[in-house]
Amino acid sequence: MTNSSDPSDAVDINRRMISPCAGVCILHTETKLCLGCYRTIEEIAGWQEMSAPDQHRTMAEIAQRRTADGR
């Protein structure tokens, strides 16, 4: 049985994330999301200036977008 309070299991939302860029960089004409990373152009352009919590929030949104897209 694992200890759910183990700090190594927790996601550190104060730690910056690596860009999710997949090197595709093509925006879908209807959704305006990148076909490679599922980010908006604003999210792509502002990634380096985003706070760590905002990056984590964006990554969670990307996961939802990808799931909704069926990939």
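Since every read-out is calculated from the coordinates, none of them should be taken as a lab result. In this text the structure is predicted, and so the values were computed from the model without any measurement. Cβ atoms come from the backbone with ideal geometry, glycine included; neighbour counts cover every protein chain shown.
Only DSSP H runs of four or more residues enter the estimate; each adds -39500 (n - 2.57), and after division by the residues of the chain the mean residue ellipticity at 222 nm equals -10500 deg cm²/dmol. FRET efficiency for LEU35 and ALA60, Cβ-Cβ distance as r, R0 = 22 Å, nearest 0.05? That pair, LEU35 with ALA60, gives E of 0.65. For LEU33, nonlocal amide neighbours, meaning residues 5 or more places apart or on other chains whose placed amide H falls under 5 Å from its own, are HIS28. For the range 18-30, 3J(HN,Hα) computed residue by residue from phi via the Karplus equation (6.51, -1.76, 1.60; θ = phi - 60°) reads 6, 4, x, 3, 9, x, 8, 6, 10, 8, 5, 5, 8 Hz, glycine and proline entered as x. Projecting the Cα atoms of CYS25, VAL11, THR58 onto the dipole axis of the chain, where Lys and Arg carry +1 and Asp and Glu carry -1 at the beta carbon, places CYS25 farthest toward the positive end.
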